Every structure is written in structure tokens, then in C-alpha cells.
Amino acid sequence: GNLLDSLPEGESFNWVDKVSIELTTQMLATLFDFPFEDRRLLTYWSDVSTNGDTVGGELSAEERQKELQHCLEYFGRLWQERAGQEPKNDLISLMAHHPAMQKMEPMEFLGNLILLIVGGNDTTRNSMSGSVYALNKYPEQYDKLRADPSLIPNMVSETIRWQTPLAHMRRNALEDVELGGKTIKKGDKVVMWYISGNRDDEVIERPNEYLVDRANARHHVSFGFGIHRCMGNRLGEMQLKILWEEIMKRFKQVEVVGEPTRVRSNFVMGYSNLPVVLHRH
């Protein structure tokens, strides 16, 4: 609420930076009990970890490694500090005091951190931007939402389907299997394109359209399935739901006033700039 009240009215600003990044980074800093004044480091490390030459980004493997080493060192200090204190409820303290996690190798610790940082950062951030972009691209859907704000939770699911914040994941096949008439051999590398599954017209009617009242909006694959299913899915949905409840109370429209600038990646379906102007009721 405070953040929305502090935004400029009647002038253009970058929604991604002022709202999407700020809200997700505040939430993540709270979950980690991370020094609040340094919270933009979380944004930075999230961007670094998803930016590399393999996904179309600009950073070299060496540059990424150097920056993520800083991340590891910073969290290593927090870990030591929390391990020496009484257990608390933040994620670092929970890890430091959990028997299964006390003997982690540095790279395993970093891997777990990056999963939490990217999972809690990039995905919700791009859904927050994607929802504004989609409602402007389909103004009749924005009208539906204004007429019936109880559609917000369904609109959130439809945004996560339509936006598909992470385009794909790769896994290793554990056994031979036949799928769609093709044989996948044990040990084969398999890429799962969530963005394609979310546009599958055999399962989803008019899949390329954004419909806030879609009957089966939660029937999407953006969160993955099985043991790798997103563990922050409810938190992401809740953040988006609360954001839109607060937006609807305050603003008649969050108007997109220019084309968005997209993140250069085949992995993160994201935005770096979304120029908007706010209109109060």
C-alpha cells in the first residue's frame, strides 16, 4: 500500500523498476532477513544467475562466476551469524540450524540460494509486469476486472499461464520411455517447454488469448510438476493477488504508454522496462 501511494501520478515511470522489482525484492529480503539497505543485491544476483551466453544474455561464464562468488561470500557471512544465534524463522536461520543442511558444500549452498533468489524474484516480478501489460493489450479484460474485482485470483492464474515467467527447464531421463511416438532413452537430456504447454490448443481453448474469467485458468504448467514443482507457488499467487486488490482500490487504470523492453533471454520471459501512467478513480 505504501509503495503504491508513493508512486508519481500523471507522469510516466518504469513499472518494472518502481513496483515489480521493489515489491519482490522487499518480500525476498524479509524471507531471508537480509539487510534491507542491501536488498537490491538480491535483484542483481537474480539477474546475473539467469543471464549467460547459453540463454542469449551478455555475461560470460567467468563474469557470472565472479559475481556469484560475491553472493556466496555474503550469504556465508549471514549463515555464520545465524548459526551462532538462537534459531529464527528466516530461511537462512532455518537452513543453518537444520541437520540435513549443515554439511553443505559451498556450491550446494550457492545452488540452493540461487533457486530461492531466482524463484522468489524473477518469476513474480515478471508476472507483476505481465499482468499490467496484458490488461492493457486486452482492454475488454481490464473492463471485466473493474466490473468484478472478485476475478482477481483467476486473473492472477491466467497471467501466470499467459506470461509463463520461465520458458523451459531441462531434465535427464531416468529410464527409457515412449512419448508422442518418440523414444526417449535413459540418460537423454530432455527440455520441457512450459511456454508451449501453456499454449497447447488440444488442452486449452483459445490459448493465445488472455481471458481473466477463463474457466480452467489454473490448468497451466508454469509451476512445473512432481518433485520439482515450484515451492513458492502460493506465495507468488498471494503477492499478485494482494498487489491487484490494492491497485483496484486506488487506480482506475494503470495505463501502458509505450512498448515494453523485454529481457534478452530464451529462459526468462521478462521485462526490463514497462512505461506506465497511473490514473486515480
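The values are calculated or read from the model by the stated rules, or taken from the named source; none is laboratory data. Just so we're clear, the structure is a prediction, and the values are computed from it rather than from any experiment. Here the Cβ positions follow ideal geometry from the backbone for every residue, glycine too, while neighbour counts run over all protein chains shown. Quick note on the areas: whole protein, heavy atoms, side chains included, nothing else; ligands and nucleic acids left out. Shrake-Rupley method; radii C 1.70, N 1.55, O 1.52, S 1.80 Å.
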_Just the residues that are touching a residue at least 60 places away in the same chain (Cβ under 8 Å) and surrounded by fewer than 21 Cβ atoms within 10 Å (Cβ to Cβ), please, taken from the range 1-16._
Gly1, Leu4, Asp5, Leu7, Pro8, Glu9, Gly10, Glu11, Ser12, Phe13, Asn14
*All positions within the range 21-59 that are assigned to a loop (DSSP other than H, G, I, E, B) and either closer than 11 Å to Asn121 by Cβ or of a type outside the set (D, E, K, R) (or both)*: Phe34, Pro35, Arg39, Thr50, Asn51, Gly52, Gly56, Gly57, Leu59
_Filter the range 167-186 down to the residues that are within 17 Å of Gly197 (Cβ to Cβ) and not charged (D, E, K, R) and list them by number._
Ala167, His168, Met169, Leu179, Gly180, Ile184
*Working only within the range 33-55, note down all residues that are surrounded by fewer than 20 Cβ atoms within 10 Å (Cβ to Cβ), hydrophobic (A, V, I, L, M, F, W, C) and more than 30 Å from Asn136 (Cα to Cα).*
Phe36, Leu41
*Checking Ile117 against (1) surrounded by 15 or more Cβ atoms within 10 Å (Cβ to Cβ); (2) within 20 Å of Arg234 (Cβ to Cβ); (3) modelled with pLDDT of 95 or more, which single condition isn't satisfied?*
(3)
*Can you find even one residue in the range 106-129 that is in contact with a His (Cβ under 9 Å, 6 or more places away or on another chain), hydroxyl-bearing (Ser, Thr, Tyr) and either part of a helix (DSSP H, G or I) or closer than 25 Å to His228 by Cα (or both)?*
no
_Quick check on the range 269-281: of everything there that is over 20 Å from Ala167 (Cα atoms) and either among the basic types (Lys, Arg) or open to solvent by 50 Å² or more (accessible area, probe 1.4 Å) (or both), which residue is farthest from the chain's Cα centre (by Cα)?_
His281
_Filtered residues of the range 254-268 (kept if open to solvent by less than 50 Å² (accessible area, probe 1.4 Å) and either polar (S, T, N, Q) or not in a strand (DSSP E or B) (or both))_ = Gly258, Pro260, Ser265, Phe267
*asked:* Please return the ranges of helices (runs of 4 or more DSSP H) entirely within the range 142-251 where 1 or more residues are aliphatic (A, V, I, L, M), within 25 Å of Lys18 (Cβ to Cβ) and open to solvent by 60 Å² or more (accessible area, probe 1.4 Å).
replied: 233-250
*Would you point out the residue of the range 91-112, among those that are open to solvent by less than 30 Å² (accessible area, probe 1.4 Å) and touching a residue at least 60 places away in the same chain (Cβ under 8 Å), that is nearest to Ser46 (Cα to Cα)?*
Ile92
*Taking the condition in a helix (DSSP H, G or I), closer than 27 Å to Tyr133 by Cα and among the basic types (Lys, Arg), does Lys18 pass?*
yes
*Of the conditions (1) within 27 Å of Gly270 (Cβ to Cβ); (2) surrounded by 13 or more Cβ atoms within 10 Å (Cβ to Cβ); (3) in contact (Cβ under 8 Å) with a residue 60 or more places away in the chain; (4) over 19 Å from the mean Cα position of the chain (by Cα), Glu58 clears all except one; give me its number.*
(2)
*asked:* For the range 60-70, give me each residue that is of a type in the set (S, T, N, Q) and part of a helix (DSSP H, G or I).
replied: Gln65, Gln69
